[in-house]
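Right, one structure below, let's go through it.
The values are calculated or read from the model by the stated rules, or taken from the named source; none is laboratory data. For clarity, every value in this text was computed on a predicted model and none was experimentally measured. Neighbour counts are summed over all protein chains in view; Cβ atoms, including those assigned to glycine, are modelled from backbone coordinates with ideal geometry. Remember, those area values only see protein heavy atoms, side chains included, never the ligands or the DNA or RNA. Shrake-Rupley method; radii C 1.70, N 1.55, O 1.52, S 1.80 Å.
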Amino acid sequence: MTAHRMPESGFLSNASADLKKMLANLATEISLAPGEVLFEQGDEGDALYAIITGAVEFSVLALDGRKLTLDVMRPGALFGEITLFEPGGRTATATATEATLLWRVRHPDVLAQIRQRPDLAVDMIHLAGQRMRWMGRQLNEQVFLPLPTRLARKVQHLAPDGAQPPCKLELSQAELAEFVGATREAVSKILSSWKRDGVIQSTRGGLVILDWNALSLLAEPDQI
């Protein structure tokens, strides 16, 4: 075990000190190389993971076989909470986008601790509820929001935390298209419009956010 602590943000931000301590005591380390797959969609899962360093991309395959990237999580993020309650098939593929260090906490170990400390179950239910709400928001956005709105929200989400314009996002148009479930051509058309309006600037292999306020307006459905 290293000197790392379980993340204090995200899904553990409101968890009790006892729950954080319990998870840290049960955690084992996993190192992933860039491009290495942690698990694939449909694999059986029984563990929660915390990202200590690096980044993990989550993707699914659409019905037409296209890859759809759902999210990229970075240090402080947790994923796999649901399998702590009921192990089952993974709903997405998790791939390290850079050298990544994870902490893994397995379902049997957590269950054994909760049987000894039933009060910790309340915190665990809270974690599961947060994760389910996040999944619901992702689904609603993908199904109901127009493409420009989805793209603006995804660019905001993927921008480095706390960064101020000009803020660079190193993702190609093809990668952004995967995130929002669209073609590269459709995304390119929207980005060209944003560039003309001074919202972004195109760069080799990515884009630069120039006007965060304008991007925030584009992320609102009634601004389309």
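Going through the range 85-106 one residue at a time, which ones are within 21 Å of residue 132 (Cβ to Cβ), open to solvent by 30 Å² or more (accessible area, probe 1.4 Å) and not in a strand (DSSP E or B)? Across the range 85-106, the qualifying residues are 85, 86, 87, 91.
Scanning the range 10-28 for residues that are open to solvent by 60 Å² or more (accessible area, probe 1.4 Å) and at pLDDT below 85 yields 14, 17, 18, 21.
Picking from 31, 59, which residue would you name as being open to solvent by 30 Å² or more (accessible area, probe 1.4 Å) and hydroxyl-bearing (Ser, Thr, Tyr)? Exactly one residue qualifies, and that residue is 31. Going through the range 67-80 one residue at a time, which ones are out of contact with any Ser or Thr (no Cβ under 7 Å at 6 or more places or on another chain) and either closer than 16 Å to residue 52 by Cα or open to solvent by 40 Å² or more (accessible area, probe 1.4 Å) (or both)? Passing the criteria: 73, 74, 77, 78, 79, 80. Residues in the range 194-224 that are touching a residue at least 40 places away in the same chain (Cβ under 8 Å) and of a type in the set (Ser, Thr, Tyr): 216 alone. Taking the numbered list (1) modelled with pLDDT of 80 or more; (2) part of a strand (DSSP E or B) in turn, residue 68 passes all entries but (1). The criterion of being surrounded by 15 or more Cβ atoms within 10 Å (Cβ to Cβ), assigned to a helix (DSSP H, G or I) and of a type in the set (Asp, Glu) does not hold for residue 185.
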